[in-house]
Amino acid sequence: MNAKELELKLKGVLASEGYTLTALVKQLNEKGNTTTVQNISNKLKRGSLNYLEVIEILEAINYKIEWYK
C-alpha cells in the first residue's frame, strides 16, 4: 500500500464511521495525544504517518489491525 492508498483508506474508514478529522483529533487528544487537525492532515497528504500513529488512529475509532498469514 502506498501513501495515497493509505490516505484514501483511512479517510474512507473515518467517513464510514461518521468521523471528521476534527472529531478524530478530539478523540486522540482525549487519550493523551497532543496533535492537531493540521498535523494529521499534513501527515496523511505527505504519507508520513508512522505505524504507531496509524494504530492510535484506528484504536480511537474502535478499529484494530490484525496480522495473519
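Structure summary
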{"quantity": "Set ALA60, ALA15: member being open to solvent by less than 80 Å² (accessible area, probe 1.4 Å) and under 11 Å from the mean Cα position of the chain (by Cα)", "calculated": "ALA60"}
{"quantity": "Qualifying positions in the range 2-12 - open to solvent by 40 Å² or more (accessible area, probe 1.4 Å) and of a type in the set (A, V, I, L, M)", "calculated": "ALA3, LEU6, LEU8"}
{"quantity": "Residue list for the range 18-53, filter: among the β-branched types (Val, Ile, Thr), surrounded by 15 or more Cβ atoms within 10 Å (Cβ to Cβ) and under 11 Å from the mean Cα position of the chain (by Cα)", "calculated": "VAL25, ILE40"}
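The values are calculated or read from the model by the stated rules, or taken from the named source; none is laboratory data. None of the values given here were measured: they were computed from a predicted structure. As a convention, Cβ positions derive from the backbone with ideal geometry for all residues, glycine included, and neighbour counts pool all protein chains shown. These area figures cover heavy atoms from the full protein model, side chains too; ligands, DNA and RNA do not enter into them. Shrake-Rupley method; radii C 1.70, N 1.55, O 1.52, S 1.80 Å.
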